[in-house]
Amino acid sequence: PAFDQARLAAALNKVSHESYQAGNLPFDRFELSEDGRRLDFQIEDTRWSCDLASYDCTSTTFDARKGDPRELSHRYTPPAENNPDKSNASPDGKWIAYIKNCNVFLRSEDGLQDVPLSRDGAEGNCYVFSTLSWSPDSRHLAAYLVRPGYRREVPYLNSSTDQLEREYSTIFYPRPGDVLPLPQPVLFDIAVRRQIVIDDALFSNVFELSPLRWWADSRGFTFEYN
């Protein structure tokens, strides 16, 4: 097994004050680090990271309504960003990737070269900065090109008896027929500045895509779709 379920349940119960059972852990997806020493997973609006040697677990809470900025789903589409100062450096330090005018650009480390990698990005179909993912050998870059969907929101009023003022908020409430975000993974060959569109026949009507993750040997990358 990838990890000791009994030890993990005990570790989670210790820090979360819950009563999780080894045979019924409250998550169905997890990520194991390359060296097999760390386990990452999510329980509701909390991300957990556990050291598999000591089974010490730490947590980070996030806004579940927005989700993981690297992950694309029907609930959340990261906003279009066109900020050249917000960049993602290659592992070898030779190139810096950024988004400008909804397209992916490369800038050399010395600043002498500044070239576009893509030309198909537009205001209604933009590359998402938070999804930029370099291969470990720095020879390729992957990213999601996203066409935003329609975000239907319903007003929500909380007038609980234990508070003095009413709280107003909104909840995301998609209905049948609403246009959902349409993400498309795209691969770039850095040496020849070539864009490679990935066949989406298997996920043309996707509900959710996980973050892009490269293999350690840089031969490929993976993502999960639903």
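The values are calculated or read from the model by the stated rules, or taken from the named source; none is laboratory data. No experiment lies behind these values; they were computed from the predicted model shown. Here Cβ is always computed from backbone atoms with ideal geometry, including for glycine, and neighbour counts include all displayed protein chains.
Here is the figure for the range 176-226: residues that are out of contact with any Lys or Arg (no Cβ under 9 Å at 6 or more places or on another chain) and among the small types (Gly, Ala, Ser) total 5.
Sort out which residues of the range 195-226 are part of a strand (DSSP E or B) and in contact (Cβ under 8 Å) with a residue 24 or more places away in the chain, and write them in order of number. Within the range 195-226, 195, 208, 209, 213, 214, 221 meet the criteria. Of all residue pairs spaced 6 or more apart or on separate chains, those with beta-carbon atoms under 6 Å, a first member in the range 8-20 that is free of Cβ contacts under 8 Å to residues at least 12 places away in the same chain and a second member that is of a type in the set (Gly, Ala, Ser) and surrounded by 12 or more Cβ atoms within 10 Å (Cβ to Cβ) are 20/9. Which one is nearest to residue 219 (Cα to Cα), of the residues in the range 79-136 that are touching a Gly at 6+ places or on another chain (Cβ under 7 Å) and not in a loop (DSSP other than H, G, I, E, B)? Selected residue: 127.
Among the residues of the range 162-194, those identified as modelled with pLDDT of 90 or more and not in a loop (DSSP other than H, G, I, E, B) are 185, 186, 187, 188, 189, 194. Inclusion of residue 189 among residues that are surrounded by fewer than 10 Cβ atoms within 10 Å (Cβ to Cβ) and not small (Gly, Ala, Ser) is not warranted. Quick check, is residue 67 surrounded by 15 or more Cβ atoms within 10 Å (Cβ to Cβ), part of a loop (DSSP other than H, G, I, E, B) and at pLDDT below 90? When the stated conditions are applied, residue 67 passes them.
Quick check on the range 85-102: of everything there that is in contact with a Pro (Cβ under 7 Å, 6 or more places away or on another chain) and farther than 11 Å from residue 132 by Cβ, which residue is surrounded by the most Cβ atoms within 10 Å (Cβ to Cβ)? Once the filter is applied, the top-ranked residue is 100.
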